[in-house]
Amino acid sequence: MKMITKKYQNKNTKSAAYNKWYGRFIYTETLTWEEFIYLICKRPSPFGRETFLGVLAILCDCLIDILLDSKRVQFSDLGTFYLSAESEGEEVKDEFSADDVKKAHLRFLPNMKRTYRLDSKTLRNKASLIDLDVLNGIKKDSNDEPDDANNG
């Protein structure tokens, strides 16, 4: 399994990064709920598909209810779900009220300390990457041996 990267050029003329090239991840598909459950069920477990469907459906409902009750939810070593507020600013403290909050954003903070270590650098080091141009046969993978490696 490899994460696929695609090159893009910054075209924002107001940016200090104008005309520089960067990489983005591209995705081959988005799994549906059913496909995700199917993959979970392929792993060794005493539980069947219906059990996973039920547990995960309840988990989703409960997660939202708990977050809306001003609580965070930590998923074992994976990380923590929480809500953040987007609000209008007021010049004077006493003029600000909860009504000034316009949006609530669902956020996820990956765990940085335990089993999974989901910080950005660790995830990058765990990821095997391949450039889209390599997949399309436009160029060779930098990890491949040169064509004449066996001729010497």
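The values are calculated or read from the model by the stated rules, or taken from the named source; none is laboratory data. Because the structure is predicted, anything quoted here is derived from the model rather than measured. Glycine also receives a Cβ, built like all others from the backbone with ideal geometry; neighbour counts cover every protein chain displayed. Surface accessibility is based on the protein's heavy atoms, side chains included, excluding ligands, DNA and RNA. Shrake-Rupley method; radii C 1.70, N 1.55, O 1.52, S 1.80 Å.
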message: Placing unit charges on C-beta atoms (Lys and Arg positive, Asp and Glu negative, everything else neutral), compute the dipole magnitude of segment 1-124 about its Cα centre in debye, rounded to 20.
response: 1380 debye
query: From the square roots a ≥ b ≥ c of the eigenvalues of the alpha-carbon gyration tensor of segment 1-135, which class results: rounded (a/c under 1.5), prolate (a/b over b/c), or oblate?
result: oblate
query: Between Lys93 and Ile58, what is the label-to-label distance in nm when each label sits 7 Å out along the Cα-to-Cβ direction?
result: 4.5 nm
- prompt: segment 28-74 to segment 83-102: how many Å between their Cα centroids?
  reply: 34 Å
- line: Magnitude of the Cβ-charge dipole (Lys and Arg +1, Asp and Glu -1) of segment 77-120 about the Cα centre, nearest 20 debye, reported as 640 debye
Trypsin sites (Lys or Arg not before Pro) lying in DSSP loop within segment 88-130, provided at most 16 other Cβ fall within 10 Å: Lys113, Arg114, Arg117
message: I'd like the orientation of helix 49-67 relative to the chain: the angle between its Cα long axis and the longest Cα principal axis, in ° from 0 to 90, rounded to 10.
response: 50 degrees
statement: Dividing the mean separation of Cα pairs under 8 Å (6+ apart) by the residue count of the chain yields a relative contact order in percent of 20 percent
query: Residue by residue through segment 37-44, which ³J(HN,Hα) values in whole Hz follow from phi under the Karplus form 6.51 cos²θ - 1.76 cosθ + 1.60 (θ = phi - 60°), with glycine and proline marked x?
result: 4, 4, 5, 4, 5, 6, 7, x
task: Subtracting the Cα-Cα distance from 0.36 nm times the residue separation, let me have the gained length for Lys103 to Asn19 in nm, one decimal.
output: 26.8 nm
query: Near the amide H of Met3, under 5 Å away, which other amide H atoms are found, from residues 5 or more places off or on another chain, if H is placed in the peptide plane?
result: Ser128, Leu129, Ile130
query: How about segment 3-71: which GluC sites (Glu not before Pro) there lie in a loop by DSSP and see at most 14 other Cβ atoms within 10 Å?
result: Glu29
- prompt: Between Ala104, Thr51, Leu63, whose Cα lies farthest towards the positive end of the dipole of segment 43-121 when Lys and Arg beta carbons carry +1 and Asp and Glu beta carbons carry -1, centred on the Cα centre?
  reply: Thr51
Fully extended contour minus Cα-Cα distance, from Lys42 to Asn12, at 0.36 nm per residue: 6.2 nm
statement: Computed about the Cα centre, the charge dipole of segment 15-80 from +1 Lys/Arg and -1 Asp/Glu charges at the Cβ has a magnitude in debye, to the nearest 20, of 380 debye
- line: What helix-only [θ] at 222 nm does the chain give? Using -39500 (n - 2.57) per DSSP H run of at least 4, over all residues, to the nearest 500, the answer is -7500 deg cm²/dmol
query: How would you classify segment 1-72 from its alpha-carbon gyration tensor, with a ≥ b ≥ c the square roots of the eigenvalues: rounded for a/c under 1.5, else prolate if a/b is greater than b/c, otherwise oblate?
result: oblate
Members of Lys14/Lys71; Lys42/Lys103; Lys71/Lys93; Lys20/Lys113 lying beyond 29 Å, as alpha-carbon distances in this model show: Lys14/Lys71; Lys42/Lys103; Lys20/Lys113
- prompt: Ignoring ligands, DNA and RNA, what percent of the 1.4 Å accessible area of the chain is carbon and sulfur?
  reply: 53 percent
